[in-house]
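The values are calculated or read from the model by the stated rules, or taken from the named source; none is laboratory data. From a predicted model like this one, the values you see are computed outputs, not experimental measurements. Cβ sites come from the backbone with ideal geometry, for glycine too, and all protein chains shown count toward neighbours. Protein only, heavy atoms only, side chains kept; ligands, DNA and RNA dropped before computing areas. Shrake-Rupley method; radii C 1.70, N 1.55, O 1.52, S 1.80 Å.
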Amino acid sequence: MKSQFLANMSHEIRTPMNGILGMTELALDTDLTSEQREYLRFAKASGESLLTILNDILDFSKIEAGKLAVERIPFRLRDTLTETIKTLSFRAHQKNLELLYHAADQVPEQAVGDPRGCAR
């Protein structure tokens, strides 16, 4: 029952969030000031982060039901790290903090796994 509730709530929240992200994309395709464009990019990144959390909730319910499939595909690890840091940097900026990261030379360019899972 809990898994079904989580799946339903996740779906009910994802639907309007996808609408918000879609409208944000449309707004980004219009003439904007650089400040407006920056705000919309942050809104888009925040919305995508929220969708990731919602997908995590849905995955949790799938794990409990024994129905979670983990992908094993090649992806660019550094790109995934960069996107994760961008999302976190907005919150840091709000607190007047600067968030920096450095990927050591040993960090591979490519990895094999579930890139969606890595971004969470």
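In region 69-89, the qualifying residues are those that are outside any helix (DSSP H, G or I) and closer than 29 Å to Phe5 by Cβ, and the one that is modelled with the highest pLDDT is Glu71.
Being open to solvent by less than 90 Å² (accessible area, probe 1.4 Å) and outside any loop (DSSP other than H, G, I, E, B) is the filter here, so list the residues in region 90-109 that pass it. If you could, list the steps in order and put the result at the bottom.
Of region 90-109, the ones open to solvent by less than 90 Å² (accessible area, probe 1.4 Å) are 90, 92, 99, 103-104, 107-109.
If the condition is that a residue be open to solvent by less than 90 Å² (accessible area, probe 1.4 Å) and outside any loop (DSSP other than H, G, I, E, B), then Phe90, Ala92 are the ones that fit.
Would it be correct to say that Ser49 is under 30 Å from Pro108 (Cα atoms), open to solvent by less than 50 Å² (accessible area, probe 1.4 Å) and of a type in the set (Gly, Ala, Ser)? Against the criterion (under 30 Å from Pro108 (Cα atoms), open to solvent by less than 50 Å² (accessible area, probe 1.4 Å) and of a type in the set (Gly, Ala, Ser)), Ser49 qualifies.
In this structure, is Gly66 surrounded by fewer than 13 Cβ atoms within 10 Å (Cβ to Cβ) and closer than 26 Å to Ala7 by Cα? Taking the combined requirement at face value, the residue satisfies it.
Conditions (1) assigned to a helix (DSSP H, G or I); (2) surrounded by 15 or more Cβ atoms within 10 Å (Cβ to Cβ), marked per residue:
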residue	(1), (2)
Leu6	yes, yes
His11	yes, no
Arg14	yes, yes
Asn18	yes, no
Thr24	yes, yes
Leu32	no, no
Phe42	yes, yes
Ile53	yes, no
Asp56	yes, no
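The residue pairs whose first member lies in region 64-85 and is free of Cβ contacts under 8 Å to residues at least 40 places away in the same chain and more than 21 Å from Phe42 (Cβ to Cβ), whose second member is open to solvent by 70 Å² or more (accessible area, probe 1.4 Å) and not in a helix (DSSP H, G or I), and whose beta carbons are closer than 8 Å, counting only pairs six or more residues apart or on different chains, are Pro74/Gln110; Pro74/Val112; Arg76/Glu109; Arg76/Gln110; Arg78/Glu109.
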